[in-house]
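I have placed the structure first, in the form of structure tokens, so that the comments after it can refer back to it.
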Amino acid sequence: MLRLSKVNKYYQVGTHSLHVLRDVDFEVTDGEFVAIMGASGSGKSTLLNILGILDDYDSGEYWLGETKISHLSESKAASYRNRFIGFVFQSFNLLPFKTALENVALPLYYQGITRRKRNQIAAQYLERVGLRDWADHLPSERSGGQKQRVAIARALIGKPRLILADEPTGALDSETSKQIMDLLSEIHRTGITVLVVTHDPEVAARTQRTIRLRDGKVVNPLEASASNPGMAAVVP
Amino acid sequence: MFDLDKWKEIWATLRSNRLRTFLTAFGVFWGILMLMAMLGFGSAIQSGSQKQMKGMATNLLFVWGQQTTEAYDGLPPGRGVRFNTADIELLRRLPSIEYLAPRLQLGGWQNNFTVSHESKSGTFTVMADYPELKHIIAFEYAAGRFINERDIAESRKVVVIGKAVHEQLFEPNTDPIGKYIKISGVYFQVVGLTRTLRSGGQGDRDANTLFVPFTTLKAAFNIGDRVGFFALTAKKGTDGPELERTVREALMRHHRVSPTDDLAIGSFNMFVMFGKFQTFFLVLQIVSWVVGGATLLAGVIGVSNIMLITVKERTKEIGVRKALGASPLSIVAMVMKESIVLTAIAGLIGVAAGVGLLAATSAILEHVPDSPLGPPNVQLTTVLTAVAVLIGAGALAGVMPASHAASIKPIEALRAE
């Protein structure tokens, strides 16, 4: 599905160069459910941005499916994001002036699908996340959990092969978090690869495998395995 | 080409940011309205002044005799200079005169005569004229004609009357043509009724004037060979002031006036005055455009300013859109389209309001007699050009914020909490 080898990323801070990702190496196979964990400043957001083709890297290789993602033009990157990746954010990032239905339909707008058609499809996806009756509501009229469901429906509508979720439960209470993780697990069961960035061990525990980052480096899986019961399924 | 979906998208964004939309639209609306008001006011002044000048040849020269102030050629100062029919021949030989109209007012300058028809009478100005006058002061004829060559040749006792003369001497709705009126005891047949094109004092004077053939007046009232004054026009392309000098010199020589005695002969020309008017209108137009243009510029700056704020405000939205697959081009297009649609609609509403304002002003001015302002006319094409310029400039001013929007990194935008 995706493979990173020796990926390095620097940020220029004043005259200093900050080495954010150091020789990051890992692979995610098709249909995996993976958590990326790390303390703040460990580089996990940067990693997510690179995985989501929202940011470029300085050296190494990133393969998404059969495509090498490297120095893409902005419009090329936009089109890859649109077709391959679905995003779920901590703060939902729904457009406040659009209804649930319109928010869900937005990725299809950028695929040039007609309004009628995309609203039809969006209604199906809202149904799937259990919010069919809320189609005409604005985001401000709904709870955090419901907003995140809308965001997930939006992430799914483009039929992506990969869902990237950045702290999807960070703004939710534990009960709602559980429901959202249920939803993500369900999506995973349909064969979509799901990557969750989190610092919450409970969230990570619900995935199949955890990749740990510390100071921009992937921590040796064996060292980390003790704290991750989910690991057993993947690491022999 | 017409994509309803895109329009709905634009409409949705504009509607969702009502205050911003309103402020931008108002700036544009106001700019256009002010530009139209400025141009309208300028044109009102111009058409008002032109109304005053209407019916008058612009290359006109008047020459009349005064009194000598210098002794010359054995003649004492204080001698009155009186033009005569010999001067007509003299001036007709000058090459650069287009039309020459020797004129004589019965009783002299600013003297009125009693004129009557049946039991009605009034005092009016009686002018003795040649047919050439019609090229110098243009009239419309409500009925009949002006004095012609045969009237002059046969010294016919015919008269052309002004509107006020008609009103005072005849019952309402009577056709005066063919009727006889009595001027100082002599009967004249009415052959024409004028309607002046001039307004104000000159218009009143025209309405209160009777015109009789020059030769008839001389014969009927025994005036001899006197000519009161000359009205003449310069041929196209001739130097007006030069003509004035030539005419004056010819007359001075003929009347044995000292070449340095400027007060012996009076003259007045419209070239200089007309030139001044032209300059005035030009300045007025420049001022209108400068002020109007500045207002327009302020409108454009307003649009680009608000667009800049817009983009800042929408950083997050743009970030989300980009994460979901919006290309940079589609973001630029989105920002520009919104601004263009908004500017165009507001601009056209401004034009509509401006047209309404000018129409209302026009209607009010119609009820003001002898207003110094004419009806304000603004060329619709001028205004539409201004709108087009505004939209173009708005779009152009929007390029920077739009490309700034396009360059927003989704990550940074999404992080901005």
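The values are calculated or read from the model by the stated rules, or taken from the named source; none is laboratory data. Quick caveat, the model's predicted, so the values are computed rather than measured. Methodologically, a virtual Cβ is constructed for each residue, glycine included, from the backbone with ideal geometry; neighbour enumeration extends over all protein chains shown.
Data for the structure
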quantity	calculated
Condition check for B:L365: in contact with a Ser or Thr (Cβ under 6 Å, 6 or more places away or on another chain) and assigned by TED's automatic domain parsing to the domain that holds B:F26	yes
Filter result (free of Cβ contacts under 8 Å to residues at least 24 places away in the same chain and buried (at least 16 other Cβ atoms within 10 Å of the Cβ)) within the stretch A:75-116	A:S79, A:E102, A:Y109, A:I113, A:R115
Total residues in the stretch A:130-159, condition more than 13 Å from chain B (Cβ to nearest Cβ), small (G, A, S) and within 20 Å of the chain's Cα centre (by Cα)	2
Test: residue in the stretch A:54-72 that is within 11 Å of another protein chain (Cβ to nearest Cβ), within 20 Å of the chain's Cα centre (by Cα) and among the β-branched types (V, I, T)	no
Filtered residues of the stretch B:71-99 (kept if crowded, with 19+ Cβ neighbours inside 10 Å, closer than 18 Å to B:D129 by Cβ and among the aliphatic types (A, V, I, L, M))	B:L91, B:I97
Subset of the stretch B:126-156 (residues that are part of a strand (DSSP E or B), charged (D, E, K, R) and farther than 23 Å from B:F113 by Cα)	B:E140
B:A416 buried (at least 16 other Cβ atoms within 10 Å of the Cβ) and either out of contact with any Lys or Arg (no Cβ under 8 Å at 6 or more places or on another chain) or modelled with pLDDT under 80 (or both)	no
Any hit, the stretch A:8-26, residues being under 21 Å from B:P328 (Cα atoms), surrounded by 15 or more Cβ atoms within 10 Å (Cβ to Cβ) and touching a residue at least 24 places away in the same chain (Cβ under 8 Å)	no
Only one of B:L348, B:L373 that is hydrophobic (A, V, I, L, M, F, W, C), part of a helix (DSSP H, G or I) and assigned by TED's automatic domain parsing to the domain that holds B:K409	B:L348
Selected residue [within 14 Å of another protein chain (Cβ to nearest Cβ), part of a loop (DSSP other than H, G, I, E, B) and not β-branched (V, I, T)] from B:G325, B:G319	B:G325
Residues satisfying the stated conditions in the stretch A:179-213, i.e. surrounded by 16 or more Cβ atoms within 10 Å (Cβ to Cβ) and among the charged types (D, E, K, R)	A:D200, A:R206, A:R209, A:R212
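Let's see how each residue does on (1) in a strand (DSSP E or B); (2) under 31 Å from the mean Cα position of the chain (by Cα):
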site	(1), (2)
B:E89	no, no
B:R103	yes, yes
B:N111	no, no
B:G122	yes, no
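Yes or no, residue by residue, for (1) more than 8 Å from chain B (Cβ to nearest Cβ); (2) more than 16 Å from the chain's Cα centre (by Cα):
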position: A:I85; (1), (2): yes, no
position: A:V88; (1), (2): yes, no
position: A:L95; (1), (2): no, yes
position: A:P107; (1), (2): no, no
position: A:Q111; (1), (2): no, yes
position: A:T114; (1), (2): no, yes
position: A:K117; (1), (2): yes, yes
